[in-house]
Amino acid sequence: MKSNLILVIFLLITKFQTPLLAQQDNFIEKPVDLTTQNWIHGAENCEDTTDPPIQVVQYNSTTWVLRQNKCANYEAPFIYLFIGEDKALLMDTGATKDDDIFPLYKTVHQIINEWSKKNGDVELIVAHTHKHGDHYAADGQFIGKPNTTVVGLEVEEVKNFYTIANWPNEIVDFDLGNRLLKIIPIPGHQASSIAVYDTATKILLTGDTFYPGRLYVNDWNAFKMSIERLVKFTDTNEVSTILGNHIEMTQTPGVDYPMETMYQPKEHQLPLSVLTLKELSSALTALGDTPTKEIHDSFIIYPVDY
């Protein structure tokens, strides 16, 4: 009898010590291991594919990673959704405009609706890692929708939205409601490029500036300074993983898939490490002021005018 009473007391204590979030149906205590995650990667014959147009992976209870099917567009960009108590942030809208082919709004709306049923309504902020067409094509699906704001694509619009006074040297906070993000300007690949650091998961998003693929450099000096800025940031902030917007490298070190490939069965893993970021920084320093193509195991430095 005494042992049963002790057990009941223990269970009650455990219940009330458990965080509220952990009691929710959608709580995932341990995040998905993105180093082993299998992604939809196109098909030899896209007419026969049964893969969905968008793959949705719930990283944890408040974070989602979406990937566009390569059969819809060879770019197959990754898209990220972070939800806080007041706001949800969607980073990028993919490479396809047509919602019949690429139902991004419907997909994101469903995720947020399910979240809101348990946690209350949130405002959706649709933002971008940078102004290239494969990252904002589906903006039109979100424009004019209720409780939704779509951030502009130009440098001035990005500066004004996030209140960045000293572009590109100032890192600013962006609060989703008990979930703080840090916005880091990183021009070089494109003028309005930003990185996003999530203090909750310690994920660092780097867009097309740093990912397992061809790092297209439009402004060599700006790109070098941006990579230095990211490295400096990682020196003082814990980073669990670095996630970009594409996979173009194969599992063979230094070998990439050809441009416009529609089928990538042996892709490099999506996450990159701080060590690999520092490898890029060191390589850029060694190359000096001359834009130079250089192949590394997990990325290729690729000046646009090379």
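The values are calculated or read from the model by the stated rules, or taken from the named source; none is laboratory data. Being a predicted model, the structure only gives us computed values, none of them experimental. Positions of Cβ are backbone-derived with ideal geometry, glycine not excepted, and every protein chain shown enters the neighbour counts. Keep in mind that these areas ignore ligands, DNA and RNA; they rest on the heavy atoms of the full protein, side chains included. Shrake-Rupley method; radii C 1.70, N 1.55, O 1.52, S 1.80 Å.
Tabulated data
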| read-out | value |
| --- | --- |
| Filter result (in contact with a Gly (Cβ under 8 Å, 6 or more places away or on another chain) and acidic (Asp, Glu)) within the range 93-118 | none |
| Test: residue in the range 114-124 that is closer than 25 Å to Phe210 by Cα and touching a strand residue (DSSP E or B) at 6+ places or on another chain (Cβ under 9 Å) | no |
| Considering residues of the range 83-110 that are part of a helix (DSSP H, G or I) and among the aliphatic types (A, V, I, L, M) only, the residue nearest to Gly177 (Cα to Cα) | Val108 |
| Strands (runs of 3 or more DSSP E) contained entirely in the range 165-280, each with at least 1 residues that are open to solvent by 50 Å² or more (accessible area, probe 1.4 Å) and acidic (Asp, Glu) | 172-175 |
| Residue that is least open to solvent (accessible area, probe 1.4 Å), among those in the range 102-124 that are closer than 30 Å to Asn45 by Cβ and among the β-branched types (Val, Ile, Thr) | Val108 |
| Extreme residue, nearest to Leu89 (Cα to Cα), among residues of the range 109-124 that are within 20 Å of the chain's Cα centre (by Cα) and free of Cβ contacts under 8 Å to residues at least 40 places away in the same chain | Leu124 |
| Only one of Asp92, Asp99 that is under 18 Å from Asp134 (Cα atoms), in contact (Cβ under 8 Å) with a residue 12 or more places away in the chain, open to solvent by 20 Å² or more (accessible area, probe 1.4 Å) and in contact with a helix residue (DSSP H, G or I) (Cβ under 7 Å, 6 or more places away or on another chain) | Asp99 |
| All positions within the range 257-289 that are under 16 Å from Ile227 (Cα atoms), more than 21 Å from the chain's Cα centre (by Cα) and among the hydroxyl-bearing types (Ser, Thr, Tyr) | Ser282, Thr285 |
| Subset of the range 162-183 [among the β-branched types (Val, Ile, Thr), without any contact (Cβ under 8 Å) to a residue 40 or more places away in the chain and touching a helix residue (DSSP H, G or I) at 6+ places or on another chain (Cβ under 8 Å)] | Ile164, Val172, Ile183 |
